[in-house]
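Trainee: The structure is given below, and queries will be raised subsequently.
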Amino acid sequence: MLESGLAADSTRREAGALLDEYDSDAWKPADVERAFAEDLARGRLSGSQLRAALREAPPGRLTDLITRATPAFEQTRTDGAAEKLRLALRPLLDKLAPLP
């Protein structure tokens, strides 16, 4: 369980770093990544939602991040790791999602 907690912590840091890169224009997601972010932003960010979304996910850094994040959402844990990860992913997804 410690190993999976460390993976969730690492993924949270990676989500923050990707958001920082986006904000500083160091990373620009492709249009398909933005559409993927929009689809994810509409959901609750559960393990089943992420797993289903990954079936048709475009290649890219966001997909790599979501691939690493998904196992944390699928585990039954009591330390709040999934909620902490959800809170780290939500700002990134909301910012990447195209405006209506």
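Trainee: Name the residues in the stretch 53-70 that are assigned to a helix (DSSP H, G or I) and open to solvent by 50 Å² or more (accessible area, probe 1.4 Å), would you?
Mentor: Arg61, Asp64, Thr67, Arg68 - these are the residues of the stretch 53-70 that are assigned to a helix (DSSP H, G or I) and open to solvent by 50 Å² or more (accessible area, probe 1.4 Å).
Trainee: Oh, and also: Residues being among the aromatic types (Phe, Trp, Tyr) and within 21 Å of Lys84 (Cβ to Cβ): count how many of those fall in the stretch 21-66.
Mentor: 1
Trainee: Would you say Ala97 is within 14 Å of Gly43 (Cβ to Cβ), at pLDDT below 95 and surrounded by fewer than 19 Cβ atoms within 10 Å (Cβ to Cβ)? Can you show your working first?
Mentor: Working: within 14 Å of Gly43 (Cβ to Cβ): yes; at pLDDT below 95: yes; surrounded by fewer than 19 Cβ atoms within 10 Å (Cβ to Cβ): yes.
Yes.
Trainee: Quick one: Leu50 ticks every box in (1) out of contact with any Phe, Trp or Tyr (no Cβ under 8 Å at 6 or more places or on another chain); (2) without any contact (Cβ under 8 Å) to a residue 24 or more places away in the chain except a single one, so which number is it?
Mentor: Every listed condition holds for Leu50 apart from (1).
The values are calculated or read from the model by the stated rules, or taken from the named source; none is laboratory data. Keep in mind that this is a model prediction, so the values were computed, not measured. Positions of Cβ are generated from backbone atoms using ideal geometry, with glycine treated the same way; all protein chains shown enter the neighbour counts. In case anyone asks, the SASA skips ligands and DNA or RNA and just uses the protein heavy atoms, side chains included. Shrake-Rupley method; radii C 1.70, N 1.55, O 1.52, S 1.80 Å.
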